[in-house]
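J.: Could you have a look at this structure, given as structure tokens, before my questions?
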Amino acid sequence: MKNKGVLIVISGFAGSGKGTITKELLNRYDNYRLSVSATTRNPRPQEVDGKDYFFVTREEFEEMIAKEELLEYTEYVGNYYGTPKKYVEQMLSEGKDVILEIEYIGAFNAKKAFPEAVLIFITPPSVKEVYNRLKGRNTESEDVIIKRIKRGQEEAEIIDKYDYVIVNDDVETAILDIHNTIQCSKCSSVRNGDFVNKLKNEFDEFLKNY
Ligand code: 5GP
């Protein structure tokens with residue numbers, strides 16, 4: 001029997017480097033798959049429908065909710081975001097490790113639906129570094145940067161509900177840390193319950209004539 005893959009939920013502050021890290025995990029290792037979310041927000045320039053997101057109308061999204069096609073969903077800054085269930089379930093059953101890059105409400109709902117999911121929070125080493133990275137992007141005003149840092153302050157309150165915290169000081173180290181964390185999680189006792197039960201049965205069977 002093929003082992004089921006791991007459902008990996010990655011969240012992190014704006015400027016944490018989570019997007020870069022996810023991309024590198026997908027490039028370097030062939031067992032990862034990225035779940036493409038559905039959203040009602042408008043595409044940004046360069047974003048491709050079906051690759052970055054499935055861009056849908058509110059009506060279409062609400063239909064997905066009604067048909068229970070979403071593993072989790074939330075409303076974030078006025079738009080719906082959600083994870084289509086079918087792809088995730090299909091990939092996990094094929095033994096692939098599926099990455100969801102989502103915010104924390106969705107992360108906790110995903111954990112409820114899949115208690116074996118591994119929740120990883122990525123953070124820069126300091127708040128000053130968060131500021132420097134956002135400033136360095138040159139895409140947002142000081143005002144927006146401060147708003148994002150305020151949101152970061154809220155997010156800091158819930159980091160301890162994640163299974164793992166990865167500090168992205170050096171991106172290479174962070175990629176390896178995450179990959180190793182996921183590999184280790186495959187050895188956890190909760191993920192190996194079926195195997196342990198099989199062993200117990202084997203002991204019973206083996207010792208039955210002694
Ligand atoms: P953005 O609009 O910047 O692409 O995403 C806004 C936020 O929504 C980010 O924190 C992103 O991780 C989160 N997000 C993206 N897809 C999903 C999803 O399917 N579910 C949830 N709960 N959050 C999502």
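J.: Could you list all residues from region 20-57 that are among the charged types (D, E, K, R), within 16 Å of the chain's Cα centre (by Cα) and more than 10 Å from the ligand (Cβ to nearest atom)? Give the derivation first.
T.: So in region 20-57, the residues among the charged types (D, E, K, R) come out as 23-24, 28, 30, 33, 41, 44, 47, 49, 51-52.
With within 16 Å of the chain's Cα centre (by Cα) added as a condition, the list becomes 23-24, 33, 52.
LYS23, GLU24, ARG33 - these are the residues of region 20-57 that are among the charged types (D, E, K, R), within 16 Å of the chain's Cα centre (by Cα) and more than 10 Å from the ligand (Cβ to nearest atom).
J.: Is it the case that LYS67 is modelled with pLDDT of 95 or more, surrounded by fewer than 18 Cβ atoms within 10 Å (Cβ to Cβ), within 15 Å of the ligand (Cβ to nearest atom) and farther than 27 Å from ARG148 by Cβ?
T.: When the stated conditions are applied, LYS67 does not pass them.
J.: Determine whether VAL36 is at negative phi, in contact with an Asp or Glu (Cβ under 8 Å, 6 or more places away or on another chain) and open to solvent by less than 10 Å² (accessible area, probe 1.4 Å).
T.: Details: at negative phi: yes; in contact with an Asp or Glu (Cβ under 8 Å, 6 or more places away or on another chain): yes; open to solvent by less than 10 Å² (accessible area, probe 1.4 Å): no.
Spelling it out, it is not the case that VAL36 is at negative phi, in contact with an Asp or Glu (Cβ under 8 Å, 6 or more places away or on another chain) and open to solvent by less than 10 Å² (accessible area, probe 1.4 Å).
J.: Let me ask something else about it. Across region 105-118, what is the number of residues that are surrounded by fewer than 16 Cβ atoms within 10 Å (Cβ to Cβ) and either assigned to a helix (DSSP H, G or I) or near the ligand (Cβ under 9 Å from one of its atoms) (or both)? Before the answer, list the steps.
T.: Just the residues of region 105-118 that are surrounded by fewer than 16 Cβ atoms within 10 Å (Cβ to Cβ), to begin with: 112-113, 115-116.
When the remaining residues are screened for being either assigned to a helix (DSSP H, G or I) or near the ligand (Cβ under 9 Å from one of its atoms) (or both), the result is 112-113.
Number satisfying all stated conditions: 2.
J.: If you go through region 87-104 one residue at a time, do you hit one that is more than 15 Å from the ligand (Cβ to nearest atom), surrounded by 16 or more Cβ atoms within 10 Å (Cβ to Cβ) and either on the phi > 0 side of the Ramachandran plot or part of a loop (DSSP other than H, G, I, E, B) (or both)?
T.: Yes, region 87-104 contains a residue that is more than 15 Å from the ligand (Cβ to nearest atom), surrounded by 16 or more Cβ atoms within 10 Å (Cβ to Cβ) and either on the phi > 0 side of the Ramachandran plot or part of a loop (DSSP other than H, G, I, E, B) (or both).
J.: Only one of GLY17, GLY82, GLY5 is within 9 Å of the ligand (Cβ to nearest atom), of a type outside the set (Val, Ile, Thr), buried (at least 18 other Cβ atoms within 10 Å of the Cβ) and in contact (Cβ under 8 Å) with a residue 24 or more places away in the chain; which? Break it down stepwise before answering.
T.: Details: GLY17 fails: within 9 Å of the ligand (Cβ to nearest atom); GLY5 fails: within 9 Å of the ligand (Cβ to nearest atom).
Being within 9 Å of the ligand (Cβ to nearest atom), of a type outside the set (Val, Ile, Thr), buried (at least 18 other Cβ atoms within 10 Å of the Cβ) and in contact (Cβ under 8 Å) with a residue 24 or more places away in the chain holds for just one of GLY17, GLY82, GLY5, which is GLY82.
J.: Sticking with this one: Sort through PHE195, PHE121 and tell me the only one that's surrounded by 10 or more Cβ atoms within 10 Å (Cβ to Cβ), among the aromatic types (Phe, Trp, Tyr) and modelled with pLDDT of 95 or more. Step through it out loud before you land on a result.
T.: Values: PHE195 fails: modelled with pLDDT of 95 or more.
Only one candidate passes the filter, namely PHE121.
J.: Has region 131-148 got at least one residue that is in a strand (DSSP E or B), out of contact with any Cys (no Cβ under 6 Å at 6 or more places or on another chain) and in contact (Cβ under 8 Å) with a residue 12 or more places away in the chain?
T.: Here is the first cut: in region 131-148, the residues in a strand (DSSP E or B) are none.
No, region 131-148 has no match at all.
The values are calculated or read from the model by the stated rules, or taken from the named source; none is laboratory data. For clarity, every value in this text was computed on a predicted model and none was experimentally measured. Please note: Cβ atoms are built from the backbone with ideal geometry, for glycine as well, and neighbour counts cover all protein chains shown. Heads up: the accessible areas ignore ligands, DNA and RNA and are worked out on the full protein's heavy atoms, side chains in. Shrake-Rupley method; radii C 1.70, N 1.55, O 1.52, S 1.80 Å.
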